[in-house]
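Asks: Questions regarding the structure given below will be posed in turn.
No value in this document is a laboratory result; all are computed from the given coordinates. Note that the coordinates shown come from a computational prediction; the quantities given were computed from them, not determined experimentally. Every residue, glycine among them, receives a Cβ derived from its backbone with ideal geometry; neighbour counts consider all protein chains shown.
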Amino acid sequence: MSEKNHKRPKNLDLLHIRLPIGGVVSILHRVTGVLLVLALPPAFLLLQQSLRSPESFAQVVTLLSSLPARVVLLGITILLVHHFLAGVRHLLLDLDVGISRRGGQLGAWLVLAGVAGVVSIAAGCLFL
Amino acid sequence: MKTMNTRGSGSAHRGLGEWLLQRLSALYLTGFTVWLVAWLSLAAPADYIAWKAWMAAGGVRLAFALFFLSVLVHAWTGMRSVFLDYLKPLWVRFVGQLLLAFGLLALAFWAAQILLVEAAV
């Protein structure tokens, strides 16, 4: 163990290391997770206002129907769908599903393909 | 670099508990999200009355209560692993976790208010 530690590379040149696709999907899971936490307070506020009175409900509907709001909603959808699918991949990895080198790569590409598919449908619902 | 004693950074059992909580909350959030998206696409409420009536139903409010609990637990475990990896000076990590804890606690009270006041009939 200690002998192994001596051979560990030092001064890793981060610019010359290509993160494998599984690593990209995994780090995006963290990034989307942090951003989704930041989206919680506005989401709580919208839910509260939508339930408070008929007038505030109408205001929320008007706000969410505006073009800028729909762009933001599409952004949140991308975050959520990616976090959801990458999270399911992590749960499957816990069960040793797709844990091999090729399985891991395939799973990561499937996540990205799934995100593209679901987000396309969501974009259609939001803008068409 | 000296080998670090893993026990120096906290109890091993607590790590297992957080690992489990993260996955259990993930499972509930998965099911809840699928259910909510399916309901919104198949039978979205037409107006305020329908929306309010749906949210006031006991089962729906219980589902939302468990959702709020899961999402806050999930945010805590997830943000904690991010902080543990990237916030390096110990005091920065401590301040970050303190702010996170207060923030999530505030969201928990807010969620309770939504469920008990606004979502009530």
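Asks: If you average the C-alpha positions of segment A:24-67 and of segment A:94-120 separately, how far apart do those two centres end up, in angstrom?
Replies: Cα centroid of segment A:24-67 versus Cα centroid of segment A:94-120: 27 Å apart.
Asks: With a 10 Å Cβ neighbour count serving as the proxy for reagent exposure, in which order, fewest first, do A:50, A:26, A:100 appear?
Replies: In increasing order of surrounding Cβ atoms, one gets A:100, A:26, A:50.
Asks: Relative contact order of chain B, please, whole-number percent, based on alpha carbon pairs below 8 angstrom and at least 6 residues apart.
Replies: In percent, rounded to a whole number, it is 35.
Asks: Remind me, relative contact order of chain A in percent, using alpha carbon pairs under 8 angstrom and six or more residues apart?
Replies: 31 percent
Asks: Determine ³J(HN,Hα), in whole Hz, for all residues of segment A:102-119 in sequence, where each value follows from phi through the Karplus function 6.51 cos²θ - 1.76 cosθ + 1.60 and θ = phi - 60°; x replaces Gly and Pro.
Replies: Per-residue couplings from phi come out as 6, x, x, 5, 4, x, 5, 5, 4, 4, 5, 5, x, 4, 4, x, 5, 5 Hz.
Asks: I want to verify a result. In a Gaussian network model of chain A, Cα cutoff 10 Å, which of these has the top mean-square fluctuation: A:113, A:58, A:86?
Replies: Maximum among the listed residues: A:58.
Asks: Sticking with this one: Whole-Hz Karplus ³J(HN,Hα) for segment A:79-94, in order, using 6.51 cos²θ - 1.76 cosθ + 1.60 and θ = phi - 60°, x for Gly and Pro?
Replies: Values, residue by residue: 4, 5, 5, 5, 4, 4, 5, 5, x, 4, 4, 5, 5, 5, 4, 4 Hz.
Asks: Normalise the Debye intensity by I(0) for segment B:17-118, one equal point scatterer per Cα, no solvent, then take log10 at q = 0.13, 0.15 Å⁻¹ and round to two decimals.
Replies: Those come out to -0.59, -0.74, one per q.
Asks: Continuing with this model, one more query. State, to one decimal in nm², a quarter of the convex hull surface area for the C-alpha atoms of segment A:22-127, i.e. the direction-averaged projected area.
Replies: Averaging across all directions leaves 7.5 nm² for the Cα convex hull.
Asks: Let me ask you something else. Rounded to the nearest 10 degrees, what's the angle between the helix A:21-52 long axis and the longest principal axis of chain A, both from Cα atoms, 0 to 90?
Replies: It works out to around 20 degrees.
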